[in-house]
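Colleague: Take this structure, written in structure tokens, and hold onto it; I'll ask about it next.
The values are calculated or read from the model by the stated rules, or taken from the named source; none is laboratory data. This structure is a prediction, so every number in the text was calculated from the model and none was measured. Note: ideal-geometry Cβ built from the backbone for every residue, glycine included; neighbour counts use all protein chains shown.
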Amino acid sequence: MSSEPAEVRPLAIAATPAQPDTSLPPAAIVTAFRVCGRNVELPLSIEQASFTFGAASAPAVDLTLDGEGISRLHAIIQRRGPKLRILDQRSTNGTYYRGKPDPDFEIAAGDVFEITHKRIRLLALDEPLRLLRPRLQWAIGLRAHADVDQALEDVASDAPLLFVGPRHCEQRALAEEIHRRSPYRQRDLVVSPFAFATPAEYETKLDHAERGTLYLDLTDADPDKIAMPARFIARLFGGTIRPIVVARDQEQAQRLIGADALGLRAIRLPPLDSRRDEIPKLLDALLLQAGSGDGDELLPLDVLGESNVDALKMYAWSNNFDDLRRIVPRLHSLLTNGCKLRASARSFGCSVAAQRDALKRLGIKLASVDDEPADDDGDERAPEAVPLGDEGPVIPLDPPTK
């Protein structure tokens, strides 16, 4: 169990009054291709009007992609305002759009096309989508590239979304980030309850969400006790609002929403106990986000030693990211004070015994209190630091806006 008490507070977001005549921002310029599932991104300079693409090495082509069946010069890509024109160059295995061979077509940000008989998928990204991808990695998995790219494709489709998973897996923060990178970003994200006292309340909520995004968390809704108003569901899925629905599983969503749940693009947010090897990198990212302390420079988490880092990996994390964020201030006080218990306790505002006990509950055992010998823990010194790996930068989601 976590050493810190849980705090669950309802979070409210002020909604902008409905403005049905507000036009959406124009389509953004494509700045990169994401090769789906391969952790490969091909940048497209906005200063360049045309690109050659294929398996040949630079400078023979502007964009090089290795893969079975890709011709040395596979296609030419031309800018057409915010869109791109894809011109197949009589490639051996073809270029495909919307499931069919097509030698000449246009795509916009969020569109997917395929190359070769292996159907290698390329997703066109604008800058908002590029910035969203590492945020999806944070919530879905740092190495889950296929799942992250599929989620990015689902988000880019502008279709209604369903977040599936246990509580505290960044659902709300991820919804805010998706909304912030969407065509509806000029309006506020509207957060709706799953139960209303009067029909006027849900009509008002829907009015505020018109031509915007509505976040509906059904995690605590019991399908045997709650009946979602039919008029609310009909208007929510009527096409003028983008729903982001949260549920424990798809069955719960379908029982509460009905047939409209079948049109939701499901994005699974896994619990942290299925991502144990990523815990150190997630914590390191949150520690950096926490800012500077009053003591020494922030030390990396791996200075705690391999056994302590392994203990953090194996901690229960029953409240998932809420538990991660809850312990960060305590770890931050330790790592900005040279891993010295007495100094870190003073920085955190607690007694040495309380700091030691809280760290023990996380599985962290330190050898001494500053220069004093340890008591019942013996005087075993921490082992050498264990590297955390290098899978690229980890960008945490910001907590939900209050």
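Colleague: How many residues, within segment 140-175, are at positive phi and among the hydroxyl-bearing types (Ser, Thr, Tyr)?
Modeller: 0
Colleague: Tell me, yes or no, whether segment 364-378 has at least one residue that is at pLDDT 90 or above, closer than 22 Å to Leu288 by Cα and in the same structural domain as Leu286 (by TED's automatic domain parsing).
Modeller: yes
Colleague: Kindly indicate whether Asp260 is of a type in the set (D, E, K, R), in a helix (DSSP H, G or I), in contact (Cβ under 8 Å) with a residue 24 or more places away in the chain and within 22 Å of Ala358 (Cα to Cα).
Modeller: no
Colleague: Of all residues in segment 134-146, which are assigned to a helix (DSSP H, G or I) and either over 13 Å from Phe163 (Cα atoms) or modelled with pLDDT under 95 (or both)?
Modeller: Pro134, Arg135, Gln137, Trp138, His145, Ala146
Colleague: I'd like the residue in segment 12-29 that is at pLDDT 50 or above and surrounded by 15 or more Cβ atoms within 10 Å (Cβ to Cβ) and, out of all such residues, is farthest from Arg180 (Cα to Cα).
Modeller: For segment 12-29, the residue satisfying everything is Ile29.
Colleague: For residues that are over 24 Å from the mean Cα position of the chain (by Cα) and crowded, with 16+ Cβ neighbours inside 10 Å, tally how many sit in segment 30-55.
Modeller: Selection size over segment 30-55: 5.
Colleague: Where in segment 268-347 are there helices (runs of 4 or more DSSP H), lying fully within it, with 2 or more residues that are closer than 17 Å to Ala358 by Cα, of a type outside the set (Asp, Glu) and touching a Pro at 6+ places or on another chain (Cβ under 8 Å)?
Modeller: In segment 268-347, the matching helices (runs of 4 or more DSSP H) lie at 306-314, 321-335.
Colleague: While we're here: With the checklist (1) assigned to a helix (DSSP H, G or I); (2) buried (at least 22 other Cβ atoms within 10 Å of the Cβ); (3) of a type outside the set (Ser, Thr, Tyr) in hand, flag the one item Ala124 doesn't pass.
Modeller: Looking at each condition in turn, Ala124 falls short on (1).
Rundown of residues vs (1) outside the structural domain of Phe321 (by TED's automatic domain parsing); (2) within 27 Å of Trp317 (Cβ to Cβ); (3) of a type in the set (Ser, Thr, Tyr), yes/no style:
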residue: Arg185; (1), (2), (3): yes, no, no
residue: Ser192; (1), (2), (3): yes, no, yes
residue: Ala200; (1), (2), (3): yes, no, no
residue: Leu214; (1), (2), (3): yes, no, no
residue: Ala221; (1), (2), (3): yes, yes, no
residue: Met228; (1), (2), (3): yes, no, no
residue: Thr240; (1), (2), (3): yes, no, yes
residue: Asp249; (1), (2), (3): yes, yes, no
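Colleague: Please go through (1) more than 30 Å from Arg248 (Cα to Cα); (2) touching a helix residue (DSSP H, G or I) at 6+ places or on another chain (Cβ under 6 Å); (3) in contact (Cβ under 8 Å) with a residue 40 or more places away in the chain for Asn320 and return the number of the only condition it doesn't satisfy.
Modeller: Condition not satisfied by Asn320: (1).
Colleague: Looking only at residues that are modelled with pLDDT under 90 and polar (S, T, N, Q) in segment 165-197, which one is surrounded by the most Cβ atoms within 10 Å (Cβ to Cβ)?
Modeller: Ser182
Colleague: Within segment 68-98, how many residues turn out to be under 28 Å from the mean Cα position of the chain (by Cα), part of a loop (DSSP other than H, G, I, E, B) and over 18 Å from Ala49 (Cα atoms)?
Modeller: Residues flagged as under 28 Å from the mean Cα position of the chain (by Cα), part of a loop (DSSP other than H, G, I, E, B) and over 18 Å from Ala49 (Cα atoms) within segment 68-98 amount to 1.
Colleague: Being in a loop (DSSP other than H, G, I, E, B) and either surrounded by fewer than 17 Cβ atoms within 10 Å (Cβ to Cβ) or not acidic (Asp, Glu) (or both) is the filter here, so list the residues in segment 198-211 that pass it.
Modeller: Result: Thr198, Arg211.
Colleague: Starting from segment 281-308, take each residue that is closer than 12 Å to Thr336 by Cα and modelled with pLDDT under 90 and list its partners that are charged (D, E, K, R) and crowded, with 16+ Cβ neighbours inside 10 Å, counting only C-beta distances under 6 angstrom and pairs at least six apart or across chains.
Modeller: Here the result reads none, with nothing in segment 281-308 linked to a residue that is charged (D, E, K, R) and crowded, with 16+ Cβ neighbours inside 10 Å.
Colleague: In this structure, is Arg172 assigned to a loop (DSSP other than H, G, I, E, B) and either in contact (Cβ under 8 Å) with a residue 40 or more places away in the chain or of a type in the set (Val, Ile, Thr) (or both)?
Modeller: Against the criterion (assigned to a loop (DSSP other than H, G, I, E, B) and either in contact (Cβ under 8 Å) with a residue 40 or more places away in the chain or of a type in the set (Val, Ile, Thr) (or both)), Arg172 does not qualify.
Colleague: In addition: Looking at segment 56-109, which of the residues that are touching a strand residue (DSSP E or B) at 6+ places or on another chain (Cβ under 8 Å) and among the polar types (S, T, N, Q) is surrounded by the fewest Cβ atoms within 10 Å (Cβ to Cβ)?
Modeller: Selected residue: Ser57.
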